[in-house]
Amino acid sequence: MSESYGSFPPVLGELTLAEKAALVSGSDFWHTTPVERLGVPAIMVSDGPHGLRTQLSEADHVGLSGSVPATCFPPAAGLASSWNTRLIETVGRALGTEARRWGVSVVLGPGVNIKRSPLCGRNFEYYSEDPLLAGRLGAALVRGVQSQGVGTSVKHFAANNQEDDRLRVSAEVDERTLREIYLPAFEHIVRTEQPWTVMCAYNKVNGTYASEHRWLLTTVLREEWGFAGLVVSDWGAVHDRVRALEAGLDLEMPPNLELSPAAVVAAVCEGRLAESVLDDAVGRVLALVGRSANGEPVTFDEDEHHRVAHLAALESAVL
């Protein structure tokens, strides 16, 4: 691997198989796994493309234990009504600055799934029913956040467009429809902005879980679009860690610490998983850790961020 892993020294050859298997799962809900003996730190990710949901102590998935103070920006459904990429990029810069303030390396957003049904419970965090608009606006947010040295996670790849049984449903979609409606927003953002990460969806696509969908995660995303970053699971979207690795899923979140690392080690030892596949995923995890800019925390002007949120709300108001 020729990747640069930042200021810490390890190369793949210095990692044990157990350490490699641990690195491709997180250490808790919001952190990657450190390798202390080699100086590889854990980095933190956080929900919040509309306002950070950063939990510094006892973290839980639904946010019941409290989060640090954060500016509340309009959600994607509102911002999209502004049709203003410069405004959304400004919101992204503010989010990136707040992420730096709290040591967050990756903001888990934006969501660019297509609004297929008004009954989708996540429509508030998606931009549009139009793939062109969703792609342009999502790219603006990615550009703003990443200008601050903080990564984004474009989600949920792909066809996560309904509420009923959203964790397991199989979206039956022919390839033309995928390429003309459900994938273009992702493609535009990947090709123009190279987000640090892409998040796979919970659901199945044509009978295969997105986390195990090699055509989506490798053939289309990496080979066709040239995505160079890391693929992370949506929280709880991994059902078979070995199949997910083979498909191109680099990082499992949150970790299934009792099962996943052991399953990966066993698959390599038994010859069911090529260690080179694991090495590729580990390399991308290390590259993400290495490019994270969170050293000394930065400060920001809270009043100025409130002014940006107020302006965004005004521009998003429509009749």
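The values are calculated or read from the model by the stated rules, or taken from the named source; none is laboratory data. Values in this document were obtained by computation on a predicted structure and should not be read as measured data. Positions of Cβ are generated from backbone atoms using ideal geometry, with glycine treated the same way; all protein chains shown enter the neighbour counts. Ligands, DNA and RNA are excluded from the accessible area calculation, which covers all protein heavy atoms including side chains. Shrake-Rupley method; radii C 1.70, N 1.55, O 1.52, S 1.80 Å.
Structure notes:
- Accessible area of the range 135-225 divided out per residue, in Å², using a probe of 1.4 angstrom: 36 Å²
- Loop sites here are GluC sites (Glu not before Pro) outside DSSP states H, G, I, E and B with no more than 13 other Cβ atoms within 10 Å. The longest part of the chain free of them is 59-162.
- Dividing the summed -39500 (n - 2.57) terms of all DSSP H runs of n ≥ 4 by the residue count of the chain sets its mean residue ellipticity at 222 nm at -10000 deg cm²/dmol.
- Listed by chain and number, the lysines whose alpha-carbon sits under 21 Å from that of residue 155, ignoring those within fewer than 8 places in the same chain, are 115, 204.
- Each label was represented as a point 7 Å from its Cα along the Cα-to-Cβ direction; for residue 275 and residue 147 these points are 4.5 nm apart.
- Shape call, the chain: gyration tensor on alpha carbons, a/c limit 1.5: oblate
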